[in-house]
1. May I ask you to say which residue of Ser32, Ser52, Ser45 is out of contact with any Leu (no Cβ under 8 Å at 6 or more places or on another chain), at pLDDT 85 or above, polar (S, T, N, Q) and surrounded by 14 or more Cβ atoms within 10 Å (Cβ to Cβ)?
2. Cβ-Cβ distance below 9 Å, separation of 6 or more or different chains: which pairs start in the range 9-21 with a residue that is within 11 Å of Gly41 (Cα to Cα) and end on one that is in a loop (DSSP other than H, G, I, E, B) and modelled with pLDDT of 90 or more?
3. Can you pull out every residue in the range 8-25 that is within 15 Å of the chain's Cα centre (by Cα) and acidic (Asp, Glu)?
4. Return yes when Val13 is of a type in the set (A, V, I, L, M) and at pLDDT below 85 and no when it is not.
5. Out of the residues in the range 60-88 that are in a helix (DSSP H, G or I) and among the β-branched types (Val, Ile, Thr), state the one that is modelled with the lowest pLDDT.
6. All but one of (1) closer than 15 Å to Ala70 by Cα; (2) touching a residue at least 12 places away in the same chain (Cβ under 8 Å); (3) surrounded by fewer than 13 Cβ atoms within 10 Å (Cβ to Cβ); (4) of a type in the set (D, E, K, R) hold for Lys4; which doesn't?
7. In this structure, does Ile39 turn out to be over 12 Å from Tyr15 (Cα atoms) and either hydrophobic (A, V, I, L, M, F, W, C) or part of a strand (DSSP E or B) (or both)?
8. If a residue has to be assigned to a strand (DSSP E or B), under 18 Å from Ile78 (Cβ atoms) and not small (Gly, Ala, Ser) to count, how many in the range 1-36 make the cut?
Amino acid sequence: MAGKLPAESQLVVKYGLPGDDGPEYVWAGVTSWEAPERIVGVSASDAATDQSVRIGAPVVVEATDVVDWAVLDATGVIEGGWTQAVLDSGEPPTPAP
């Protein structure tokens, strides 16, 4: 909240929307984060489970619902994005001991 992002970059968060078969995870670009518990942004994807969540639509995300984050620049992810990296690798996550 208090830090500065690198020039020409954006913070995005991944959060869960409730669904009948479990949560659907979507990304949102953060536009402001004035209260620790609430993030304001715009949807970066269309949700299948919530027709109001469309690309570019305003969203309010509870911080406790965030499951991942990333800082993006024109070249892609420069930090974070851990869940997406696992999905993109095609490898199953290593189970905890």
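The values are calculated or read from the model by the stated rules, or taken from the named source; none is laboratory data. Predicted, not measured: the structure shown is a model, and the values here were computed from it. Backbone-built Cβ (ideal geometry, glycine too); neighbour counts: all protein chains shown.
1. Ser45
2. Here the result reads Val12/Ala44, each pair linking the range 9-21 to a residue that is in a loop (DSSP other than H, G, I, E, B) and modelled with pLDDT of 90 or more.
3. Glu24
4. When the stated conditions are applied, Val13 does not pass them.
5. Result: Val86.
6. (2)
7. Details: over 12 Å from Tyr15 (Cα atoms): no; either hydrophobic (A, V, I, L, M, F, W, C) or part of a strand (DSSP E or B) (or both): yes.
No: the conditions fail for Ile39.
8. The number of residues fulfilling the criteria is 7.
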